[in-house]
Amino acid sequence: VFYDRDADVNLIKSKKIAVIGYGSQGHAHALNLKDSGVQHVVTALRDGSPSAAKATNAGIELMGVPEAAAWADVAMVLTPDEHHGAMYDEHLAPNLRDGAALAFAHGFSIHFNQVVPRPDLDVFMIAPKGPGHTVRSEYQKGGGVPCLLAVQQDASGKAHEVGLSYGSAIGG
């Protein structure tokens, strides 16, 4: 069990974070990261996404998925699992910078090899144990929800620390 005292939240504050998707978890992650002092947070959406207006109205900067992948230090994928493989192959793998981190809030696409990450990437999971509206509301109350942390690939030697920092910044 890890607690906020085990995480250096300043580590994630120094990174550029692309939250891919703005549904249940996406809105909570993006807003909590911003409220935690992460200076560079964008939401990446596909063209024509109905979530674009919600993100813009909440003050979140928008980018397309390929552009956000090329820009980000950490790409947090919060879209439906069934889209992860194609999204990774078409938009993330060719655009993520060497040494970036690829993150998920669910282990399905990694565990079942729907996404097979490049070897230079850190790959971790931060999985809040609650729906996005609870992740957001508990954060706003000054609390949080438990999160699961897993590291699939530690290319940098810092994936665990970055994952803990991310989890702390979303209120985990």
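The values are calculated or read from the model by the stated rules, or taken from the named source; none is laboratory data. Given the structure is predicted, the values throughout are model-derived calculations rather than measurements. Heads up, the Cβs are rebuilt from the backbone with ideal geometry, glycines too, and the neighbour counts pull from every protein chain shown. Side chains are part of the model used for accessible areas, which takes the heavy atoms of the whole protein and leaves out ligands, DNA and RNA. Shrake-Rupley method; radii C 1.70, N 1.55, O 1.52, S 1.80 Å.
The residue that is least open to solvent (accessible area, probe 1.4 Å), among those in region 116-144 that are farther than 15 Å from H106 by Cβ and of a type in the set (A, V, I, L, M, F, W, C), is L121. Close contacts from region 66-81, counting a first residue that is within 18 Å of L31 (Cβ to Cβ) and at pLDDT 95 or above and a second that is crowded, with 19+ Cβ neighbours inside 10 Å and polar (S, T, N, Q), with Cβ to Cβ under 9 Å and a gap of 6+ residues or different chains, come to A68/T43; M76/Q25; V77/S109; L78/Q25. In the list A53, A7, which residue meets the criterion of being hydrophobic (A, V, I, L, M, F, W, C) and farther than 26 Å from D120 by Cβ? Matching residue, one of A53, A7: A53. Limited to region 82-109, what total is found for residues that are open to solvent by less than 70 Å² (accessible area, probe 1.4 Å) and acidic (D, E)? The number of residues fulfilling the criteria is 0. Taking region 37-59, which residues are within 26 Å of P146 (Cβ to Cβ) and within 14 Å of the chain's Cα centre (by Cα)? Residues satisfying the conditions are V38, V41, T43.
Can you spot a residue in region 134-142 that is under 16 Å from the mean Cα position of the chain (by Cα) and within 15 Å of I20 (Cα to Cα)? No, the conditions are met nowhere in region 134-142.
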